[in-house]
Amino acid sequence: MNYKFEFRPYQRKFKRPLQTSHGTWEIREGIILRLTADNGKIGLGEIAPIGWFGSETFLEALDYCRNLPDVISDRTIFSIPPNLPACQFGLESAWESATLKTQFKSAFSEDKTPASKSNYSGLLPGGEGALLGRQILWMQGYRTFKWKIGVLPFQREVRILQELVLALQEATGDQSVFLRLDANGGLSLTEAEEWLQICDQLGGIIEYLEQPLSVTELEAMMELGTRFSTAIALDESVATLPQMQSVYRQGWRGIYVIKPCIAGSPSELRQFCNLNKIDAVFSSVFETEIGRKSVLKLAATIQNYCPRAIGFGVDHLLEAEKDLELLW
Ligand SMILES: O=C(O)CCC(=O)c1ccccc1C(=O)O
Ligand SMILES: [Mg+2]
């Protein structure tokens, strides 16, 4: 089958630049794809790369799209090289919606009512902003939260964490609430140990510490996982499917934070997760509604061996989406 191929770059601003231990991020740039099959059926997809996280860059993805012909075939879609994982995801998910007859219903609700937020994790603003952000997200229905660490000096972050935990415990009563800490690979081994010790003392409210050390330090993270009761989740270390396969081969059986938009082929990702019964947390890369729909559809076809809140509570950090229909 052949498909007419069209693409439109987009930009979306963060309300406030996003601070991680990798630096500052101000504008999300991505590409919306449209495939039109011979029979007239249309499929949309999205390429939302994050160069600093281990996928191709936006410019590499744009270059790839510019060099594709106006009409492409199934062969094109399934022979995208592995150094372009966000392109693999975008094109294959557009292809899926242009070719599949049946409409999937996602297990993750897309309605905006507070109850629907209980299976989402809300990303808190960095630093002290987390405290007010927590109140707002709480009222919107979130019961799982994620906060970036390794951005401010250690002692200051520990104090904010203690306040945050107190506020959460006060708000909850006996309902369950979880907090995820994300270091984006920026801690030293000593700092990671100190954080884990603090987490262990907080009595189970910390769901996990995400990517404490850099991608090159898998062994040290596996060892940390055995020494503390707070779980470790890998994120940067499992950015793409080949990386997931590699850490699985090396024996990682803990949590995988999976960002499908940059992981590569959705069908191969589904196969990997289901075959190996991965303890997965699906996570956003600040894609638009189009990428998000593809991800939620995919997540619904992956058996959840340990159901965890999905990391898609991020819309409050970005300016409103422009009407994507108007791109055409
Ligand atoms: O996973 C989440 O809950 C939100 C998404 C998120 O934190 C994120 C989004 C884009 C790039 C990196 C990260 C990250 O987890 O480090
Ligand atoms: Mg992370």
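What to note about this one:
- Scanning the stretch 200-223 for residues that are among the hydrophobic types (A, V, I, L, M, F, W, C) and within 16 Å of ligand 2 (Cβ to nearest atom) gives Ile206, Leu209, Leu213, Val215, Leu218, Met221.
- Residue list for the stretch 258-288, filter: buried (at least 20 other Cβ atoms within 10 Å of the Cβ) and either at positive phi or in the same structural domain as Gly54 (by TED's automatic domain parsing) (or both): Gly264, Phe286
- Filter result (farther than 16 Å from Ala86 by Cα and either within 16 Å of ligand 2 (Cβ to nearest atom) or among the aliphatic types (A, V, I, L, M) (or both)) within the stretch 25-58: Trp25, Ile27, Leu35, Ala37, Ile42
- Of all residues in the stretch 226-268, those satisfying the criterion of being among the polar types (S, T, N, Q) and within 16 Å of ligand 1 (Cβ to nearest atom) are Ser237, Thr240, Gln243.
- Any chance Ile255 is over 22 Å from Glu56 (Cα atoms), within 14 Å of ligand 2 (Cβ to nearest atom) and either surrounded by 17 or more Cβ atoms within 10 Å (Cβ to Cβ) or among the hydroxyl-bearing types (Ser, Thr, Tyr) (or both): yes
- Test for Leu168: is it in contact (Cβ under 8 Å) with a residue 24 or more places away in the chain, part of a helix (DSSP H, G or I) and either more than 16 Å from ligand 2 (Cβ to nearest atom) or within 15 Å of Gly225 (Cα to Cα) (or both): yes
- Any hit, the stretch 238-249, residues being closer than 26 Å to Gly313 by Cβ and surrounded by fewer than 17 Cβ atoms within 10 Å (Cβ to Cβ): no
- Residues of the stretch 189-211 classified as farther than 20 Å from Tyr256 by Cα, assigned to a loop (DSSP other than H, G, I, E, B) and touching a residue at least 12 places away in the same chain (Cβ under 8 Å), total: 1
- Taking the conditions (1) under 28 Å from Cys199 (Cβ atoms); (2) hydrophobic (A, V, I, L, M, F, W, C); (3) without any contact (Cβ under 8 Å) to a residue 60 or more places away in the chain in turn, Val285 satisfies each one other than (3).
- Hits in the stretch 259-283 - residues which are within 16 Å of ligand 2 (Cβ to nearest atom) and in contact with a helix residue (DSSP H, G or I) (Cβ under 7 Å, 6 or more places away or on another chain): Pro260, Cys261, Ile262, Ala263, Ala280, Phe282
- Meets criteria (among the polar types (S, T, N, Q) and either within 16 Å of ligand 2 (Cβ to nearest atom) or free of Cβ contacts under 8 Å to residues at least 24 places away in the same chain (or both)) for Gln155: yes
- Residue count, the stretch 240-274 (criterion: in contact with a strand residue (DSSP E or B) (Cβ under 9 Å, 6 or more places away or on another chain) and part of a loop (DSSP other than H, G, I, E, B)): 4
This table checks each residue for (1) modelled with pLDDT of 95 or more; (2) away from ligand 2 (no atom under 16 Å from the Cβ).
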site	(1), (2)
Asp235	yes, no
Val238	yes, no
Arg249	yes, yes
Ile302	no, yes
Ala320	no, yes
Leu324	no, yes
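The values are calculated or read from the model by the stated rules, or taken from the named source; none is laboratory data. This is a predicted model, so every value here is computed, not measured. Virtual Cβ from ideal backbone geometry, glycine too; neighbours counted across all protein chains shown.
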